[in-house]
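Structure, as structure tokens:
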Amino acid sequence: MEKKHTIFLADDHELVAQGLSNLLLQIKKVEKVLVFKNGKELYQACLNTKPDFIFLDYEMPVWDGKETLIQIKKNYPKIPVLMLSMLNEKSIIKECIHLGAVAYLHKDSSTEELHQAIESASRSEIYYSNEIKKALTGTTKNQSGQITLKEEISEREMEILKLLCDGLSPKEIAEKLFLSQRTVETHKTNIMHKFDVNSIAKLISLAIKNRIV
């Protein structure tokens, strides 16, 4: 029998929380969604029951999404945490992923996007909803002018790009992500094509200057 998921959701806007809860319950594998008004209430509930997934609004009273994410990953590191927000600033998105979130979704996400996020989280892969991907990969002005990507970057490509910018080699990335080195090399080639560059140095430079990572 297929395991059904229990989800904890924290959002201080009742109507928004109810709407998101209804969307999540439309997903076949989701059995129960418990809604909390802030992160601290959700965290305290984890003391008694461990959910399969946690969805956090970024802006909340008492404990906001960032503080709750920190506490959850500190004490319950194995529970996947997915962030929800109307905010799409790259610095906020990047910080949440750095702190351990496995997804960042716009609050206008569809049921399909929520489903895909859960599936990605089950595989420990980073997921961004379409609106967030547009914010991450859209044209950005900087001192060098503008960059327009040929195609959107996939979740896996974004993950690999970040590790390349952190200085990891394809072999190290393959070991870290449990992929073959050949697969990582293929992703790297695709990323470079989308940036229209022919060197890793140029790729990293453009990615950082345009705040894509």
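The values are calculated or read from the model by the stated rules, or taken from the named source; none is laboratory data. These figures come from a predicted structure and were not determined experimentally. Cβ sites come from the backbone with ideal geometry, for glycine too, and all protein chains shown count toward neighbours. Accessible surface areas use protein heavy atoms only, side chains included; no ligands, DNA or RNA. Shrake-Rupley method; radii C 1.70, N 1.55, O 1.52, S 1.80 Å.
How many percent of the accessible area of the chain is carbon or sulfur, using a 1.4 Å probe?
Carbon and sulfur: 49 percent of the exposed surface of the chain.
For segment 1-126, what is the per residue volume of the convex hull drawn over the alpha-carbon atoms, in cubic angstrom?
Taking the convex hull of the Cα positions in segment 1-126, it is 96 Å³ per residue.
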Principal-axis tilt of helix 111-122 within the chain, Cα atoms, nearest 10 degrees: 80 degrees
Rel. contact order, % - alpha carbon contacts under 8 angstrom, at least six apart, the chain: 14 percent
Residue pairs, from the table LYS29/LYS50; LYS3/LYS171; LYS66/LYS188; LYS66/LYS162; LYS107/LYS188, whose Cα atoms sit over 28 Å apart: LYS3/LYS171; LYS66/LYS188; LYS107/LYS188
Under Karplus coefficients 6.51, -1.76 and 1.60, residue-wise ³J(HN,Hα) of segment 13-28 in Hz, glycine/proline x: 9, 4, 5, 5, 4, 5, x, 5, 4, 5, 5, 5, 6, 6, 6, 4
Rg/Rh for the chain, where both radii come from Cα atoms and Rh is the Kirkwood radius: 0.99
Gain upon complete extension [SER180, LEU47; 0.36 nm per residue less C-alpha separation]: 44.0 nm
Of the trypsin sites (Lys or Arg not before Pro) in segment 1-53, those whose Cβ has at most 12 other Cβ within 10 Å and which sit in DSSP loop: LYS3, LYS4, LYS28
Per residue solvent-accessible surface (Å²) - segment 21-140, probe of 1.4 Å: 47 Å²
Kirkwood Rh (inverse of mean 1/r, distinct Cα pairs), segment 38-107, angstrom: 11.9 Å
In degrees, nearest ten, helix 65-75 long axis to first principal axis of the chain (Cα): 80 degrees
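Given a cut-off of 11 Å, what percent of all Cα-Cα pairs of segment 76-120 lie beyond it? Each step should come with its number before you reach the end.
On the way: 660 of 990 pairs.
Across segment 76-120, Cα pairs with separations above 11 Å total 67 percent.
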